[in-house]
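Read through the structure below, which is laid out as structure tokens, and then see the notes.
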Amino acid sequence: MTNYKHWRIEQDADNLAWLIIDRAGSSTNTLSSEVLAEFDRALDEIAALNPRALIIRSGKDSGFIAGADIEEFLDIKTGDDAKRMIRGGWDPFNKLAALAFPTVALINGFCMGGGLEMALACRYRIAVDQPGTRLALPEVMLGIWPLMGGVMRLSRYVSPPQALDMMLTGRAVDARRARRMGLVDQAVPPRIMMNTARMLALQAPPPRQLPLLWRVMNAPFARGFIAAQAEKQVAKRARREHYPAPYAILRAWSKYDGNPFSIPDGDSASIAHLLATPSIERSVAGNLIRIFFLQERMKALGKASDFKAQHVHVVGAGVMGGDIAAWCAARGMRVTLQDQNAERLEPAMGRAAQLFKRRLREPMRIRDAFDRLIPDITGDGARHADVIIEAIFENLEAKRALFARLEAIARPEAILASNTSSLKLADIAANFANPARLVGIHFFNPVAQMQLVEVVSGSRTDTGIADKAAAFVRQIDKLPLHVKDSPGFLVNRVLGPYIQQAFRMVDEGIAPEALDAAMEAFGMPMGPIELADVVGLDICMAVGRELAHDAAPPQRLQQLFNAGQLGKKTGQGFYSWKNGKAQKKPAPPFSAELGERLIAPYLKEAQAVVADGIVADADLADAGLIFGTGFAPFRGGPLHYLKSRKA
């Protein structure tokens with residue numbers, strides 16, 4: 001048999017062929033053009049062997065296939081370049097689907113993008129039921145769609161609404177859900193995965209018949225109607241001019257059956273239009289691909305230390321502290337949550353219940369998470385914790401007094417962290433016996449939704465401690481960003497002038513709804529006034545004082561603060577809040593100039609942050625502001641946007 005660089009072919013005593021992907025020089029399997037070209041040749045060799053069946057599996061413990069090699073997208077300059085790239089997967093996947101003998105994809109771990117498209121081209125799929133197994137078609141998050149057969153094949157195995165939901169959101173499903181949907185034929189534990197694959201290949205049962213309703217939905221006459229209904233839902237979340245990919249997916253599925261080579265280059269669903277108009281560097285897809293690489297760079301920041309936390313102690317059961325504790329428990333850690341009495345802890349436990357139910361779903365996993373979250377009135381958990389996070393109210397003397405007690409009882413190797421959003425780390429650490437131990441681990445509200453966590457280093461913070469803190473942030477599946485100790489750090493420093501500008505425009509008589517609508521039209525997920533209500537007007541006041549020094553606060557903000565109307569958490573701020581939603585009036589007419597006036601202080605401060613060295617470089621500033629403030633992702637980040645605007 002041929003020796004391949006990235007694949008191995010094996011035959012067993014039952015005349016089953018095993019094709020094993022093990023990309024050379026990489027810890028993860030991705031589908032580069034070289035990997036796909038070898039796959040194509042390997043299929044020809046296997047077809048010549050005429051085995052009883054073919055089983056495709058991964059040779060790596062890290063997972064099945066993570067998708068296409070995204071770096072190769074950077075080489076695309078024209079529509080023809082894009083079509084040549086996707087042809088490299090389209091043709092061999094169709095060849096795989098046409099093989100005369102049974103084919104099985106054994107999915108152990110992540111199976112993303114092109115990996116799932118390869119699996120869909122097999123006759124059968126087995127998913128290994130373990131925490132790391134995730135199946136998804138996340139191409140929409142890169143501004144494109146599944147171009148190697150995913151759009152064509154997915155609705156042949158799951159209902160069209162489920163197929164569209166996976167493609168339009170990029171949402172991943174685990175092994176059990178994939179089995180319930182019909183995406184995989186079996187979900188089995190790791191210990192029997194090889195035998196299950198072997199038996200399924202040998203038995204080769206007849207293909208599962210789709211329910212009649214699904215077959216009707218897949219008929220050409222029905223697809224147009226289903227796509228039109230789905231488009232109405234997409235329009236509520238994403239504007240066509242900002243994010244064309246979801247609309248392209250619906251058009252490709254309903255009109256072209258997911259065949260990228262049937263679509264004219266000028267069509268809005270074509271890959272040439274999405275990737276090469278006007279160029280990949282200036283397209284929405286190019287900007288989203290840029291964000292993918294920024295995200296990978298942030299993940300790498302958590303690899304500088306091999307620190308692993310088992311026990312987290314959180315002091316302060318308010319909205320931030322309670323939600324940090326619940327998130328850590330949901331991620332598998334033992335958590336002790338400290339506050340003064342049971343009455344203060346009770347709301348946090350209630351919110352944790354909602355989080356576990358929403359995120360974990362299965363009763364056993366919900367129960368296990370609750371078992372890991374332990375109320376702690378005495379604070380004794382701090383003696384045993386690997387990470388101690390202070391999340392009390394923003395008062396310098398209170399934080400100093402608390403850390404004096406914590407430093408005295410904490411284990412020598414434990415991380416001592418503050419979640420402060422407005423106070424300087426150096427001031428908090430002033431009375432420490434060893435100030436090198438203190439680091440900032442600054443989460444954002446709402447904790448479960450915001451990916452960014454700022455890892456703040458004071459002038460005396462030990463570099464190793466900061467690296468351990470970043471590793472902890474990755475351990476709980478957040479994105480760490482190292483920032484220097486400075487008022488507002490990165491996110492609040494940039495958000496501060498932007499939100500203060502919005503507050504002062506309210507004082508001028510401009511409706512909050514108009515300001516929010518203007519920034520949503522710009523591409524922000526939420527306008528500045530609604531964002532202020534979500535963050536908390538007390539936090540806005542504290543950050544404003546820190547950044548504006550002696551300047552008087554905006555009048556309406558001061559009035560609301562004095563009245564104790566602090567936004568979403570109190571049910572009333574600039575807006576009334578019901579069932580977690582701001583109650584807004586229809587926005588009055590506004591001009592594009594309103595948005596430009598609002599965003600100007602944001603862009604100016606983003607430049608200043610880089611100039612002051614608060615973050616390492618402009619790319620990391622862009623990453624932090626995208627994942628920490630929601631800056632319009634399709635624009636590629638504020639500093640990238642400024643650069644492209646001048647081009």
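The values are calculated or read from the model by the stated rules, or taken from the named source; none is laboratory data. Note that this is a predicted model, so its numbers are computed, not measured. Positions of Cβ are backbone-derived with ideal geometry, glycine not excepted, and every protein chain shown enters the neighbour counts.
Can you find a residue that is in contact with a Ser or Thr (Cβ under 7 Å, 6 or more places away or on another chain) and more than 25 Å from S486 (Cβ to Cβ) anywhere in region 364-375? Yes; the residues of region 364-375 include at least one that is in contact with a Ser or Thr (Cβ under 7 Å, 6 or more places away or on another chain) and more than 25 Å from S486 (Cβ to Cβ).
Here K581 clears all of (1) surrounded by 15 or more Cβ atoms within 10 Å (Cβ to Cβ); (2) farther than 25 Å from G488 by Cα except the condition numbered (1). The condition (being touching an Asp or Glu at 6+ places or on another chain (Cβ under 8 Å) and either surrounded by fewer than 20 Cβ atoms within 10 Å (Cβ to Cβ) or without any contact (Cβ under 8 Å) to a residue 40 or more places away in the chain (or both)) is satisfied by just one residue among R171, R156, R237: R171. Are any of the residues in region 163-179 assigned by TED's automatic domain parsing to the domain that holds N259 and at positive phi? Checked against the condition, which is being assigned by TED's automatic domain parsing to the domain that holds N259 and at positive phi, region 163-179 yields at least one hit.
Just one of the listed residues (L416, L406, L425, L396) is assigned by TED's automatic domain parsing to the domain that holds G458, over 25 Å from F307 (Cα atoms) and not polar (S, T, N, Q), namely L396.
Listed here are the residues, each with its yes/no results for (1) in contact with a strand residue (DSSP E or B) (Cβ under 9 Å, 6 or more places away or on another chain); (2) surrounded by fewer than 24 Cβ atoms within 10 Å (Cβ to Cβ); (3) farther than 28 Å from P633 by Cα.
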residue	(1), (2), (3)
R87	no, yes, yes
L106	yes, no, yes
G113	yes, no, no
R123	yes, yes, yes
P131	no, yes, yes
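May I ask you to list the residues in region 385-434 that are free of Cβ contacts under 8 Å to residues at least 60 places away in the same chain, touching a Leu at 6+ places or on another chain (Cβ under 8 Å) and hydrophobic (A, V, I, L, M, F, W, C)? Residues satisfying the conditions are L396, F403, A410, L416, A417, I428, A429, F432.
Residues checked against (1) assigned by TED's automatic domain parsing to the domain that holds H242; (2) surrounded by fewer than 24 Cβ atoms within 10 Å (Cβ to Cβ); (3) at pLDDT 95 or above:
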site: V35; (1), (2), (3): yes, no, yes
site: I46; (1), (2), (3): yes, yes, yes
site: D61; (1), (2), (3): yes, yes, no
site: K83; (1), (2), (3): yes, yes, no
site: F93; (1), (2), (3): yes, no, yes
site: L116; (1), (2), (3): yes, no, yes
site: R134; (1), (2), (3): yes, yes, yes
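This table checks each residue for (1) within 24 Å of R290 (Cα to Cα); (2) of a type in the set (S, T, N, Q).
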site	(1), (2)
K77	yes, no
D80	yes, no
W90	no, no
K95	no, no
A98	no, no
N108	no, yes
R125	no, no
L135	yes, no
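For R545, the criteria (1) closer than 20 Å to F444 by Cα; (2) among the charged types (D, E, K, R); (3) surrounded by 18 or more Cβ atoms within 10 Å (Cβ to Cβ); (4) in contact (Cβ under 8 Å) with a residue 60 or more places away in the chain hold in every case but one, which is (3).
Yes/no per residue for (1) charged (D, E, K, R); (2) over 29 Å from G544 (Cβ atoms); (3) crowded, with 23+ Cβ neighbours inside 10 Å:
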position	(1), (2), (3)
I389	no, no, yes
A398	no, no, no
A408	no, yes, no
R411	yes, yes, no
I415	no, yes, yes
A426	no, no, no
A430	no, no, no
A433	no, yes, no
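The condition of being crowded, with 21+ Cβ neighbours inside 10 Å, in a helix (DSSP H, G or I) and either over 26 Å from the mean Cα position of the chain (by Cα) or in contact (Cβ under 8 Å) with a residue 40 or more places away in the chain (or both) holds for only one of A230, A272, that being A230. Within region 21-29, not a single residue is in contact (Cβ under 8 Å) with a residue 40 or more places away in the chain, over 30 Å from L274 (Cβ atoms) and of a type in the set (D, E, K, R). Does G496 satisfy being touching a helix residue (DSSP H, G or I) at 6+ places or on another chain (Cβ under 7 Å), modelled with pLDDT under 95 and surrounded by fewer than 23 Cβ atoms within 10 Å (Cβ to Cβ)? The answer is yes for G496.
Answer yes or no: is there a residue in region 633-646 that is within 20 Å of V506 (Cβ to Cβ) and within 27 Å of the chain's Cα centre (by Cα). No - not one qualifying residue is present in region 633-646.
Among the residues making up region 392-411, those that are outside any helix (DSSP H, G or I) and either at pLDDT 95 or above or of a type in the set (S, T, N, Q) (or both) are I392, N395, A410, R411.
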